[in-house]
Every structure is written in structure tokens, then in C-alpha cells.
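Bear in mind these aren't lab numbers, they're just calculated from the coordinates by the rules spelled out. Only a predicted model underlies this, so the values are computations on that prediction, with no experimental measurement involved. Cβ placement follows ideal geometry from the backbone for every residue including glycine, while neighbour counts extend to all protein chains displayed.
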Amino acid sequence: MNAVAAADIVACWLGHAPPEPRRSELVNWARRNLKLAPEMVTLAKDVVLIIKTDSNLKEVWDKPKWNHAMDNLEERLERGAKD
């Protein structure tokens with residue numbers, strides 16, 4: 001679960017907030033407080049792919065909700081940085 005949260009923070013650092021309105025402020029926080037190397041984006045994408053395809057977490061979550069959340073995170077990481 002920590003890896004999913006870390007990948008979510010990387011997506012926020014790129015400027016792409018999670019869909020939940022209460023979490024939209026994470027983008028501002030990440031941009032103000034983090035200095036990430038570009039390699040972190042690649043690492044976050046790799047982690048999401050691994051977790052999405054080979055993780056017990058999907059057994060704990062409601063499967064459609066899990067798939068939607070992982071697809072959304074993957075999409076936000078793929079979009080890259082907003083300028």
C-alpha cells in the first residue's frame with residue numbers, strides 16, 4: 001500500500017491530482033515540498049504496473065474499484081508534467 005501512496009504523490013508532483021476532491025491540495029503540497037528526480041516517474045510507473053498485475057491488494061479491495069483506482073493512477077503518471 002505504501003508503494004501505491006508513493007506513486008500517487010509522484011503523480012501529484014507531476015501536477016495530476018487524485019479524483020477525490022479532498023485530496024486535490026496534494027498537488028500544491030507536492031510541488032512546494034518535493035524535489036524528485038525524473039527517474040522517480042519511471043519507477044512509479046513500474047511499481048504501479050507490478051502492483052496492478054501481481055498484488056494481493058486487489059483481493060482486499062472491491063475489484064472494480066481497485067481496477068479503476070489503478071487505471072486512474074497509471075493514467076495520471078503517463079500524462080507527465082503539467083507546465
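Compared with the rule-of-thumb size 2.2 N^0.38 Å for a compact globular protein, the range 1-41 has a Cα radius of gyration ratio of 1.07.
Spin-label pair residue 57-residue 78: with each label point 7 Å from Cα along the Cα-Cβ axis, the two points sit 1.8 nm from one another. Net charge dipole, the chain: roughly 280 debye, given to the nearest 20, about the Cα centre with Cβ charges of +1 for Lys and Arg and -1 for Asp and Glu. Across the chain, Cα-Cα pairs farther apart than 18 Å form 37% of the total.
Potential lengthening of the chain between residue 67 and residue 46 amounts to 5.9 nm, from the contour at 0.36 nm per residue minus the alpha-carbon distance.
Once a ≥ b ≥ c are taken as the square roots of the eigenvalues of the Cα gyration tensor of the range 42-81, is the result rounded (a/c under 1.5), prolate (a/b larger than b/c) or oblate (a/b not larger than b/c)? Note, shape of the range 42-81 comes out oblate.
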